[in-house]
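Working notes, beginning with the structure itself.
Derivation of every value follows stated rules applied to the coordinates shown; laboratory data play no part. Keep in mind the model is a prediction, meaning the values are calculated, not measured. Methodologically, a virtual Cβ is constructed for each residue, glycine included, from the backbone with ideal geometry; neighbour enumeration extends over all protein chains shown.
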Amino acid sequence: MAILNDGVNGGFTGKVGSVIGYQLNGKWVIKGLPKSSKKNKKGTADQNKCRSKFTLMQHFLAATLGFVRVGFHLEAKAKRMSAHNAAKSYNMLHAFNQNNQIDYSKIRLSHGNLLGAEEPQVLAEEHGLRFTWNKQQLSNHQSAYDQVMLLAFNEESNMTYYMLSGAKRKTETEMLEINEHEKGKTFHTWISFIADDRENISNSVYAGSIIY
């Protein structure tokens, strides 16, 4: 809305359509508004590349959010941000290949200082995926009682299966149940450990892809 000054023959202040009016050094000035750039609407190649990567990561993290909220809780608390944003910040920097596609082997779903899984393996069984890991030289007695965290992600269907409080580290094995209708589909898998008191967690380790 614009305001007329000195009647219909005077100047005006404000916006009318695609022009604005104002007074400058005692004179009334009318100026056209800048047109939005088609280039800005479409975005540059770098902008579109970034937007595409951002969309891919948002899509993936939305599917794994329940796991990420635990996996990045301590890191997020230290940085005073949400677990989702902490995970997104790390993975946007580290988990894309040269073709700007997600490199699942570089994805991190938990972040911390606890000892991670050593040489994890995953086998398909009748009712799910069997994870195993090597027994390690542990720095203290309590580490043997860290709990395993497991996640399997089907990229095609965007379906995720996960476990937040699994077997103790010392058992060296745990089963992640998968719905039978997923048989024949490929899953990306990760393994982490979390302390029994929830005050420490390991970096997640990519355990490879497997057909269930």
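For the reader, a short list of remarks on this structure follows.
- Interchain or long-range residues, amide H under 5 Å from residue 155's placed H: 188
- Computed from the C-beta positions of residue 185 and residue 134 and an R0 of 22 Å, the FRET efficiency is 0.20 to the nearest 0.05.
- Between residue 157 and residue 106, residue separation times 0.36 nm minus the direct Cα-Cα distance comes to 16.3 nm.
- Part-to-part distance (alpha-carbon centres) for region 115-185 and region 187-212, which is given in Å: 7
- Amide H contacts for residue 114 (H built 1.01 Å from N in the peptide plane; partners 5 or more residues away or on another chain; cut-off under 5 Å): 201, 202, 203.
- Members of 135/168; 88/168; 106/168 lying beyond 22 Å, as alpha-carbon distances in this model show: 88/168; 106/168
- Rounded to the nearest Hz, the phi-derived 3J(HN,Hα) couplings of region 178-191 under the Karplus curve 6.51 cos²θ - 1.76 cosθ + 1.60 (θ = phi - 60°) are 10, 4, 4, 6, 8, 4, x, 9, 9, 10, 8, 10, 9, 9, where x marks glycine and proline.
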